[in-house]
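Down below is the structure, laid out as C-alpha cells.
The values are calculated or read from the model by the stated rules, or taken from the named source; none is laboratory data. Nothing here was measured: the structure is a model prediction, and the numbers come from that model. Every residue, glycine as well, gets a Cβ built from its backbone with ideal geometry; the counts of neighbours run over all protein chains shown. For accessibility, only protein heavy atoms count, side chains too; no ligands or nucleic acids. Shrake-Rupley method; radii C 1.70, N 1.55, O 1.52, S 1.80 Å.
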Amino acid sequence: MTISIGDKIPSLTLKTPGAEGPADISTDSIFSGKKVVLFAVPGAFTPTCSNAHLPGFVVKADEIKAKGVDTIACMSVNDAFVMDAWSKSQNADHLLMLADGNGELTAALGLELDASGFGMGQRSKRFAMVVNDGTVELLNIDAGALEGSSAEAILDAL
C-alpha cells in the first residue's frame with residue numbers, strides 16, 4: 001500500500017555519503033522535529049534525473065529553504081558511493097543524498113518501480129513529498145514525465 005498524506009515515515013536506516021565512506025542515517029534523525037522535502041528518482045545518472053530533477057532542487061534549494069524547509073533530501077535505490085559521485089557531479093553537496101540501496105524504504109513507502117525492462121531491477125518511482133516532523137503533508141508521484149515532483153512544483157506547493 002502506498003503511503004498517504006497524514007501517514008508517518010517508517011523508522012528505517014539508510015546510507016548517506018560521509019567523509020569516511022558510507023554512513024548510516026535513520027529516518028527518525030532525518031525527519032523528527034524538522035520540515036523536510038524528500039524527492040526520489042529512479043536512478044542516479046539517468047537522463048531525466050540528471051538533466052532536470054536533481055538540478056532543479058540544486059538551483060531552487062535556497063528558495064525552498066526560505067519557505068521553512070530544514071532539509072532537502074534526494075533518495076535513490078543506488079548505493080552511497082554512486083550517490084556521492086552523483087552529488088559531486090551535480091554540485092549538490094548542500095542536499096542530503098540518501099542511498100536506499102536495498103530499496104527497503106522505497107518498499108515500505110509502497111513506491112516501488114519495476115524497471116527490469118530497462119535492466120535496472122526494482123527502483124523507486126519518481127516522487128516528492130513534504131514531511132513535517134515525520135508526517136507526510138504532501139505527496140506528488142509522477143506517472144511518467146517529471147511533473148509534480150519537480151522543484152518548481154514543490155516550491156509552488158509550499
Residue hits (the range 14-29; within 11 Å of F81 (Cα to Cα) and either within 14 Å of the chain's Cα centre (by Cα) or assigned to a loop (DSSP other than H, G, I, E, B) (or both)) are K15, T16, P17, G18, G21, P22
Just one of V136, V77, V82, V130 is closer than 15 Å to V37 by Cβ, out of contact with any Leu (no Cβ under 6 Å at 6 or more places or on another chain) and among the β-branched types (V, I, T); which is it? V136
The range 66-80, residues that are touching a strand residue (DSSP E or B) at 6+ places or on another chain (Cβ under 8 Å) and not small (G, A, S): V69, D70, T71, I72, C74, M75, V77, N78, D79
If you scan the range 112-141, which residues turn out to be aliphatic (A, V, I, L, M) and within 14 Å of V41 (Cβ to Cβ)? L113, A115, M120, A128, M129, I141
What is the number of the single condition among (1) modelled with pLDDT of 95 or more; (2) under 23 Å from A157 (Cβ atoms) that A52 does not meet? (1)
So in the range 25-56, with the set limited to residues that are among the aromatic types (F, W, Y) and either open to solvent by less than 10 Å² (accessible area, probe 1.4 Å) or without any contact (Cβ under 8 Å) to a residue 12 or more places away in the chain (or both), which one is farthest from V77 (Cα to Cα)? F31
Of the residues in the range 30-60, those that are in a strand (DSSP E or B) and more than 11 Å from the chain's Cα centre (by Cα) number 1
Name the pairs whose Cβ atoms lie under 9 Å apart, with the first residue in the range 111-130 and among the hydroxyl-bearing types (S, T, Y), the second loosely packed, with under 14 Cβ neighbours inside 10 Å, and 6 or more positions between them or separate chains? none
